[in-house]
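What follows is a set of notes on a single structure, which appears directly below.
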Amino acid sequence: MTSLPSAPACSPTTLIPPIHRGLVLLIEPDNPVIHYCQIGGDEWVKYEYDIGTLDLPDLGEGCKEKLVICSIAAFNGRFYFNGGFDELGVLEFTPAPAFSSVAIRDAIEQPFGFEKVFLVESGQGLFMVSLISFSDPNVVRMDFSRQEWREAGDIGGRAFLLSPWYFGASRPAAECGLEPDCVYAAYAGTKRLVLFNVKDGTMRLQDLDGAPVSKQASLMLIYLF
């Protein structure tokens, strides 16, 4: 797998440059293509990116496919994507799209049974939630001063809402009637919601009677910042 160039360290207190304000980013989940537009602008710009390839030896010698953006979150003037325990992708607009990556120092060990990762911007922090099957979610927070993930003992009384696919959002729990410091994760093809309490580590399943079953992702994801 090819790697991206290293990105300079980013302080959580960095001000968002004016060019980044009001940017709308649309992502094609199955193709290495993004579309972006400044709010107030009159046209969308299509951009085909290249962040490396993945070898597919099971399909035959020399078989590869282009990597695409999966999980993504906007934080302090940058988009962070495809979170991992040893590397984190970075997308900036300067004003053209520029891709790089942050190498994670003292990378924590990838949990056994690791399945899917969500990046969530919350308040003044960037979090990563990894789901292991239907149990044992793991929540870490990026320490930009040390460029490493650190275990999160809480999420500031907020609630994280995770879609069945790539998107994660943070909301004030009290304002929305949700439980504080909890991760809500819906699973595709089921009518169940997993509630994980980050503070005490407990988890429970909640049936969603009457909810529609969804097995497909949206064609595009939209991010504003």
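The values are calculated or read from the model by the stated rules, or taken from the named source; none is laboratory data. Everything quoted here is computed from the prediction, not taken from an experiment. Every residue, glycine among them, receives a Cβ derived from its backbone with ideal geometry; neighbour counts consider all protein chains shown. Ligands, DNA and RNA are excluded from the accessible area calculation, which covers all protein heavy atoms including side chains. Shrake-Rupley method; radii C 1.70, N 1.55, O 1.52, S 1.80 Å.
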Qualifying residue in region 52-61 (condition: of a type in the set (Gly, Ala, Ser), under 19 Å from the mean Cα position of the chain (by Cα) and on the phi < 0 side of the Ramachandran plot): no
Region 140-182, subset among the aromatic types (Phe, Trp, Tyr) and in a loop (DSSP other than H, G, I, E, B), residue farthest from residue 196 (Cα to Cα): 144
2 or more residues open to solvent by less than 70 Å² (accessible area, probe 1.4 Å): qualifying strands (runs of 3 or more DSSP E) within region 32-124: 33-38, 53-55, 72-75, 78-81, 87-93, 97-103, 116-122
Residue match in region 8-20 (condition: open to solvent by 60 Å² or more (accessible area, probe 1.4 Å), at pLDDT 85 or above and in a loop (DSSP other than H, G, I, E, B)): no
Per-region count, region 144-197, residues open to solvent by less than 20 Å² (accessible area, probe 1.4 Å), at pLDDT 90 or above and in contact with a Gly (Cβ under 7 Å, 6 or more places away or on another chain): 3
Test set (1) without any contact (Cβ under 8 Å) to a residue 12 or more places away in the chain; (2) closer than 12 Å to residue 126 by Cα - residue 98 fails condition number: (2)
